[in-house]
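Asks: Questions regarding the structure given below will be posed in turn.
The values are calculated or read from the model by the stated rules, or taken from the named source; none is laboratory data. Remember, predicted model here, so these are calculated numbers, not experimental data. Cβ: placed from backbone, ideal geometry, glycine included. Neighbour counts: every protein chain shown. The protein model used for the area step is the full one, side chains on, heavy atoms only, and it has no ligands, DNA or RNA in it. Shrake-Rupley method; radii C 1.70, N 1.55, O 1.52, S 1.80 Å.
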Amino acid sequence: MSTVGSVMADLEAKGSEKTRKTYARHGVPAGRMFGVSVADLKMIAKSIKQQQALALELYATGNQDAMYLAGMVADGARMSAAELKSWAEGAKDLKMISEYTVPWVAVENAQGRTLAREWIRSGEEHEASSGWCTYSGLVAITSDDALDFAEIDEMLTVVVKQIDGAQNRVRYTMNNFVIAVGSYVKPLLKEAKSAARTIDAVSVDMGDTACDVRLALAQIEKVEAAGRVGVKKKTIRC
């Protein structure tokens, strides 16, 4: 059985300067990573799958590589609301964690929607980003008959009214929420496209990277042209 110490040693050994430079350009503090590629993380995840307690310990290290790995291994349905809140709080300054890892596990939990709404209202940029990403994940995997259309429509209105004054990464995740609704909730396609037209091109500081911000309307229309609006995903894990 692997221990947190043995896994951390494995992670450190697999870190590379090339990956550290890539993560640094995305704003990851040098002291919070080894620089392990996602491909290597997936290989390690296979060797420790279903080890829930270990996943929680790995996340608690505060090391991005370990935290991302934890999200690959943990079963969000088995986590308590307190544990999920702790994960959201601990993702400060780590976009890969706040916008991917935390939503991965949150959408699997019965309290996911409630937590998403709570995080969205947070004044902390990383928590609000986790909230928007979590709700985006929920609309992507949840059948329409289990979604609250009125609430989602209200959230589209919030995006339109507040996106210009929102924090940097919150603008990014708000834009992605509009895309998610237009792509996965066919009954709200018209409303999502209207919101997308209004917000148009969203300005986000992407740091020293080649990443860009997708135009919501263009992305929704691409999905629409492919005849895939409303086609749900089985999981949001990468």
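Asks: Can you give the charge dipole size of region 13-75 about its Cα centre, rounded to the nearest 20 debye, using +1 on the beta carbon of Lys and Arg and -1 on the beta carbon of Asp and Glu? Could the numbers behind the result be given before it?
Replies: Values: 9 positive and 5 negative charges, 58 e Å.
Dipole about the Cα centre, nearest 20: 280 debye.
Asks: Another question, if that's okay. May I ask which residue of LEU41, VAL213, VAL158 lies farthest towards the positive end of the charge dipole of the chain, with charges of +1 (Lys, Arg) and -1 (Asp, Glu) on Cβ and the Cα centre as origin?
Replies: In the chain, that residue is LEU41.
Asks: Along the charge dipole of region 1-138, Cβ charges K/R +1 and D/E -1, which of PRO103, ALA60, GLY15 sits furthest on the positive end?
Replies: GLY15
Asks: Report the accessible area of THR19, computed with a 1.4 Å probe over the heavy atoms of all protein chains in place, in Å² rounded to the nearest 10.
Replies: 20
Asks: Oh, and also: Quick one: what Rg and Dmax do you get for region 133-209 from the alpha carbons, in Å?
Replies: 12.4, 42
Asks: In a solvent-free Debye calculation with one equal scatterer on each Cα, what is log10 I(q)/I(0) for region 65-127 at q = 0.23 Å⁻¹, listed in the order of the q values?
Replies: Each listed q corresponds, in turn, to -0.90.
Asks: Would you work out what percent of the accessible area of the chain, with all protein chains in place, is carbon or sulfur (probe 1.4 Å)?
Replies: Details: 5660 of 11330 Å².
Reported share for carbon and sulfur atoms: 50 percent.
Asks: In straight Cα distance, which aspartates and glutamates are under 18 Å from LYS18, not counting same-chain residues fewer than 8 positions off?
Replies: ASP10, ASP40, ASP65, ASP208
Asks: In addition: Based on the mean of other beta carbon atoms within 10 Å per residue, what is the order of 190-201, 44-55, most packed first? Write down the numbers at each step before the final one.
Replies: Numbers: 190-201: 17.5, 44-55: 15.5.
Taking the mean over residues of other Cβ atoms within 10 Å, the ranking is 190-201, 44-55.
Asks: For the chain, what is the largest minus smallest coordinate of the Cα atoms on each principal axis, given in angstrom and ordered from greatest to least?
Replies: Principal-axis extents of the chain (Cα, largest first): 51, 37, 35 Å.
Asks: What whole-number value in Å² describes the accessible area per residue of the chain for a 1.4 Å probe?
Replies: Numbers: 11330 Å² over 238 residues.
That works out to 48 Å² for each residue.
Asks: Region 50-176: Rg/Rh from Cα coordinates, Kirkwood Rh? It would help to have the intermediate numbers written out before the result.
Replies: Details: Rg = 14.1 Å, Rh = 14.5 Å.
Expressed as Rg/Rh, it is 0.97.
Asks: Quote the convex hull volume per residue of region 106-177, based on C-alpha atoms, as a whole number of Å³. Write out the running numbers ahead of the final one.
Replies: Details: hull volume 5.4 nm³, N = 72.
Hull volume normalised by residue count: 75 Å³.
Asks: Counting just the Cα atoms, what span does region 181-235 cover along each of its three principal axes? Round to the nearest Å and put the largest first.
Replies: On the principal axes, region 181-235 reaches 37, 28, 18 Å in Cα extent.
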